[in-house]
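Readers should treat all values here as calculations from the given coordinates under stated rules, not as data from a laboratory. Just so you know, these numbers come straight off a predicted model, no measurement behind them. We place every Cβ from the backbone using ideal geometry, glycine too, and count neighbours over all the protein chains shown.
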Amino acid sequence: MSKIIVAPSVLSADFSDIKGALKDIKSSGAPWVHLDVMDGTFVPNITFGPKFVSDIRPHSDLFYDVHLMIENPQNHVEAFAKAGAQAITVHSEACVHLDRTLNKIKSLGCLAGVSIVPSTPVSAIECVLDVADLVLVMSVNPGFGGQSLIPYTLDKVRQLKQLRGNRKYLISIDGGVNELTCRDVRDAGVDVMVAGSAFFASPDKGAFVNSLTGGER
Ligand code: DX5
Ligand code: ZN
């Protein structure tokens, strides 16, 4: 039985005080930081690139979980690995040669993640489940923090858990995770919970992280 990993997303942090945000995450007890990279094409929003990741890398020993919401992610995975990413997740909808890209991410020494938006079925990534180290189920339409979790996406978590068998991939959920939704999310069987707005809005971030994990499973 392993503890659920909470991965606060800095998307909802004050970018003028990113070091403070990293410290808040560390002191909350969350082991990962989730870094949302957006290109304004795959998703309507724009955030940051590899320079941001390499600039903040020396300021924290958290596990850097990079979520690429960009077209042609294969062209950028090396730069993010060099910048200090430890997991790199690409979208199946943005990447034709998913098998090649996931293997490339692994060869760079990172966990290789694949993500699906709410309208993409699990069957779209079934062929690469042997290769993936992490499967990120988007529980909102990607692009912005603060949206409500779409309940049917939890069916995909259950499906992925059932399909896993002896494979080792982590199942991550991203979008609309908060104190109200975390029980359903946990019960569905996730290993990693990404939380942005709810984490940064929380006055007691340590208590927030504990409420998400709900203790040992
Ligand atoms: C949305 C991003 C998420 C975002 C989640 O496209 O991928 O990581 O930060 O934010 P909340 O937790 O506010 O839904
Ligand atoms: Zn994300």
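Tell me the residue from VAL77, VAL117, VAL131, VAL157 that is of a type in the set (A, V, I, L, M, F, W, C), within 15 Å of ligand 1 (Cβ to nearest atom) and surrounded by 15 or more Cβ atoms within 10 Å (Cβ to Cβ), please. Matching residue, one of VAL77, VAL117, VAL131, VAL157: VAL117. Residues of region 127-141 that are among the β-branched types (Val, Ile, Thr) and within 20 Å of GLY175 (Cα to Cα): VAL135, VAL137, VAL140. May I ask you to verify whether ILE88 is in contact with a helix residue (DSSP H, G or I) (Cβ under 8 Å, 6 or more places away or on another chain) and within 16 Å of ligand 2 (Cβ to nearest atom)? Here the answer is yes, as ILE88 does meet what is asked.
Residue-by-condition table, conditions (1) away from ligand 2 (no atom under 15 Å from the Cβ); (2) more than 15 Å from the chain's Cα centre (by Cα):
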residue	(1), (2)
SER2	yes, yes
LYS23	yes, yes
VAL33	no, no
ASP55	yes, yes
HIS67	no, no
HIS76	yes, yes
ALA83	yes, yes
ALA94	no, yes
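Cβ separations smaller than 8 Å between residues 6+ apart or across chains give the following pairs from region 64-88 residues that are farther than 14 Å from LEU136 by Cβ and hydroxyl-bearing (Ser, Thr, Tyr) to residues that are part of a loop (DSSP other than H, G, I, E, B) and more than 14 Å from ligand 1 (Cβ to nearest atom): TYR64/GLY84; TYR64/ALA85; TYR64/GLN86.
Do the conditions hold for GLY113, that is, is it outside any loop (DSSP other than H, G, I, E, B), closer than 25 Å to GLY20 by Cβ and not aromatic (Phe, Trp, Tyr)? Taking the combined requirement at face value, the residue does not satisfy it. Note on region 4-21: among residues that are within 13 Å of ligand 2 (Cβ to nearest atom) and of a type in the set (S, T, N, Q), the one that is surrounded by the most Cβ atoms within 10 Å (Cβ to Cβ) is SER9. The residue of region 165-177 that is surrounded by the most Cβ atoms within 10 Å (Cβ to Cβ), among those that are in contact (Cβ under 8 Å) with a residue 24 or more places away in the chain and away from ligand 2 (no atom under 15 Å from the Cβ), is TYR169. Can you spot a residue in region 61-69 that is within 13 Å of ligand 1 (Cβ to nearest atom) and in contact with a Pro (Cβ under 8 Å, 6 or more places away or on another chain)? Scanning region 61-69, I find at least one residue that is within 13 Å of ligand 1 (Cβ to nearest atom) and in contact with a Pro (Cβ under 8 Å, 6 or more places away or on another chain), so the answer is yes. Just one of the numbered conditions (1) closer than 26 Å to VAL157 by Cβ; (2) touching a Gly at 6+ places or on another chain (Cβ under 7 Å); (3) aliphatic (A, V, I, L, M); (4) assigned to a helix (DSSP H, G or I) is not true of ALA81: (1). Check SER197, SER211 and return the single one that is of a type outside the set (Val, Ile, Thr), over 23 Å from LEU111 (Cβ atoms), within 15 Å of ligand 2 (Cβ to nearest atom) and touching a residue at least 12 places away in the same chain (Cβ under 8 Å). The match here is SER197.
Take the residues in region 184-212 that are assigned to a helix (DSSP H, G or I) and β-branched (Val, Ile, Thr); name whichever of them is surrounded by the fewest Cβ atoms within 10 Å (Cβ to Cβ). So, considering only residues that are assigned to a helix (DSSP H, G or I) and β-branched (Val, Ile, Thr), the one surrounded by the fewest Cβ atoms within 10 Å (Cβ to Cβ) is VAL209. Among the residues of region 25-60, those that are away from ligand 1 (no atom under 15 Å from the Cβ) and touching a residue at least 60 places away in the same chain (Cβ under 8 Å) comprise SER27, GLY29.
Inspect all residues belonging to region 150-157 and state whether any of them is more than 15 Å from ligand 2 (Cβ to nearest atom) and not in a helix (DSSP H, G or I). Taking every residue of region 150-157 in turn, at least one turns out to be more than 15 Å from ligand 2 (Cβ to nearest atom) and not in a helix (DSSP H, G or I).
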